[in-house]
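Some notes on the structure that comes next.
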Amino acid sequence: MQLTNWQKILQQAHNNHYHLMDRLHLTGNGVLVSDRAAEAFPVRVPEEFFRRIRPGEISDPLLQQVLPIRAEDIKEEGFTPDPLSESIYQPVPGLLHKYRHRALLIVTGACAIHCRYCFRRHFPYNEANPSSGEWHRALAYLRDDKNITEVILSGGDPLTLTDRRLARLAELLAEIPHLKRLRIHSRMPVVLPERVTDDLLEWIASTRLQTVIVIHSNHANELGDMALEAIARLHAAHIPLFNQSVLLRGINNSANTLTELSELLFEAGVIPYYLHMLDKVEGAAHFYVPLSEARMIMQELRVILPGYLVPRLVREIPGELAKVPAELLMI
Ligand SMILES: *Cc1c(COP(=O)(O)O)cnc(C)c1O
Ligand code: SF4
């Protein structure tokens, strides 16, 4: 089978931390990196994201998101492999149904980039994924529950699937009368902008379902010309665009950094949606920003930005009926 351009670029993603360090003139910092962490969750950095990292800066906010470091090997109390107890919300393999009116399909375990803070880094994708596009059970579940009006394609990154498969899935979903919206959660427009192809825009334009894309960017440096161009193409196709970020120590835990991100996103036609409190996943404790600090940052943001550019600070709490706004959290 012939690979498309974006698939080739994805295949060529950087996958070796020593190589990364070498290319960024950071070989002197070798003691920081961890082979063990890289083995547990392999390095993956697509070229465009890599190009946005500033050479010679070990504390670069983009590098910090992808470099496996020794801090990941430290076990911290309260940080677990499945912090959201996601496995208990899977009525059928590959489908998470946690919130009444929307269901999330884990269509793949693959991502274009491996973010070291990811809460799904230990997720048993192999068990959860309906194999080779067998969606029967998930589709039957969606058909049976008329409460569900929105399906979220997630993963992993759903845009690692080919447009042919996605178009087919959208067709099957569109046949379910009570479904109104299809939401795509993807980091691809930002980290592998070549993924925003004509084929993608075409099948989105042709489905009866209203389609929404939620991109994932944590820092304005991620949004170079190529990413902005890809986003502009989605915007020109009248697809509602939102962004979610994760609040990360040493990467975006300042009002200035988040302001810059919100401003740039809005210029590109993207509305800031969620700012997630880090899910306490094993290996990511060094990224954690405590709630008191998070609230202070939010207060500053509300002073600087118009209300519609302030993302909602939320945390995912197992058992809750929706994501919980940080204002309501006690701890
Ligand atoms: C985040 C999430 C959703 C969507 O929640 P919204 O608040 O509508 O963005 C749905 N299902 C699961 C399992 C989620 O984690
Ligand atoms: S699921 Fe999202 S946050 Fe996690 S590694 Fe993939 S792209 Fe990164």
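Listed by chain and number, the lysines whose alpha-carbon sits under 22 Å from that of residue 75, ignoring those within fewer than 8 places in the same chain, are 280. How much of the accessible area of the chain, in percent, comes from carbon and sulfur atoms when a 1.4 Å probe is used? Solvent-exposed carbon and sulfur of the chain make up 52 percent of the total. For segment 1-106, a Kirkwood hydrodynamic radius built from all Cα pairs, placed in the Stokes-Einstein relation at 37 °C and 0.692 mPa s, yields a translational diffusion coefficient of 198 µm²/s. Placing R0 at 56 angstrom, the Cβ-Cβ distance between residue 4 and residue 143 gives a FRET efficiency of 0.95 after rounding to 0.05. Here is how the number arises for the chain: DSSP H runs of 4 or more residues each give -39500 (n - 2.57), the sum is divided by the residue count, and the result at 222 nm is -8500 deg cm²/dmol. Summarising the amide proton neighbourhood of residue 14: residues at separation of 5 or more, or on other chains, whose placed amide H is nearer than 5 Å comprise 45, 47.
Measuring only protein heavy atoms, the 1.4 Å probe finds residue 292 accessible over about 80 Å².
If you sort 39, 171, 194 by accessible surface, 1.4 Å probe, largest first, the order is 39, 171, 194.
Between the alpha-carbon centres of segment 201-270 and segment 97-112 there is a gap of 19 Å. Placing a label point 7 Å from the Cα of residue 101 along the Cα-to-Cβ direction, the residues of segment 178-207 with a backbone N closer than 16 Å are 178-183. Give, as ranges by residue number, the residues of segment 83-123 whose backbone N falls under 17 Å from the point 7 Å along Cα→Cβ of residue 329. Under 17 Å, as judged by backbone N against the label point of residue 329, lie 83-86, 117-120 of segment 83-123. Cα-based values for segment 68-191, radius of gyration first and Dmax second, are 15.4, 50 Å.
Comparing 100, 52, 183 in a Gaussian network model of the chain (Cα springs below 10 Å), the most mobile by mean-square fluctuation is 100. Temperature 4 °C, viscosity 1.567 mPa s: under these conditions the Stokes-Einstein estimate for segment 230-331, based on its Kirkwood radius over C-alpha pairs, is 90 µm² per second. For residue 180, the lysines whose Cα falls under 16 Å of its own Cα, not counting residues fewer than eight places away in the same chain, are 146.
DSSP finds beta bridges in the chain, and of those with both partners inside it, around 20 percent are antiparallel. Per residue, the chain exposes 46 Å² of solvent-accessible protein surface, assessed with a 1.4 angstrom probe and all protein chains in place. The H on the amide N of residue 69, modeled in the peptide plane, is under 5 Å from the matching H of 34, each at least 5 residues off or on a different chain. When only Cα pairs below 8 angstrom with a gap of at least 6 residues are kept, the chain shows a relative contact order of 17 percent.
The charge dipole of the chain, taken about its Cα centre with unit charges on the Cβ atoms of Lys, Arg (+1), Asp and Glu (-1) only, comes to about 600 debye. Comparing 58, 46, 28 along the charge dipole axis of segment 5-73, the residue lying farthest to the positive side is 46, per the Cβ-charge model.
Set the Förster radius R0 to 45 Å, insert the Cβ-Cβ distance between residue 229 and residue 88 as r into 1/(1 + (r/R0)^6), and round the FRET efficiency to 0.05. The computed FRET efficiency comes out at 0.65. Approximating the spin labels as points 7 Å out from Cα along Cα→Cβ, the residue 19-to-residue 136 distance works out to 4.1 nm.
Distance between the pseudo-spin-label points of residue 27 and residue 39 (7 Å out from Cα toward the beta carbon): 2.4 nm.
In the chain, the alpha-carbon atoms span a convex hull of 134 Å³ per residue. Accessible area ranking (1.4 Å probe, heavy atoms, ligands and nucleic acids excluded), largest first, for 175, 150: 175, 150. Return, ordered by residue number, the residues of segment 240-270 whose backbone nitrogen is under 17 Å from a label point located 7 Å along Cα→Cβ of residue 205. 240, by backbone N distance to the label point.
Around the amide H of residue 95, modelled in the peptide plane, lie the amide H atoms of 106, all under 5 Å away and 5 or more residues distant in sequence or on another chain.
Spin-label pair residue 11-residue 321: with each label point 7 Å from Cα along the Cα-Cβ axis, the two points sit 5.0 nm from one another.
The values are calculated or read from the model by the stated rules, or taken from the named source; none is laboratory data. Only a predicted model underlies this, so the values are computations on that prediction, with no experimental measurement involved. Please note: Cβ atoms are built from the backbone with ideal geometry, for glycine as well, and neighbour counts cover all protein chains shown. Ligands, DNA and RNA are excluded from the accessible area calculation, which covers all protein heavy atoms including side chains. Shrake-Rupley method; radii C 1.70, N 1.55, O 1.52, S 1.80 Å.
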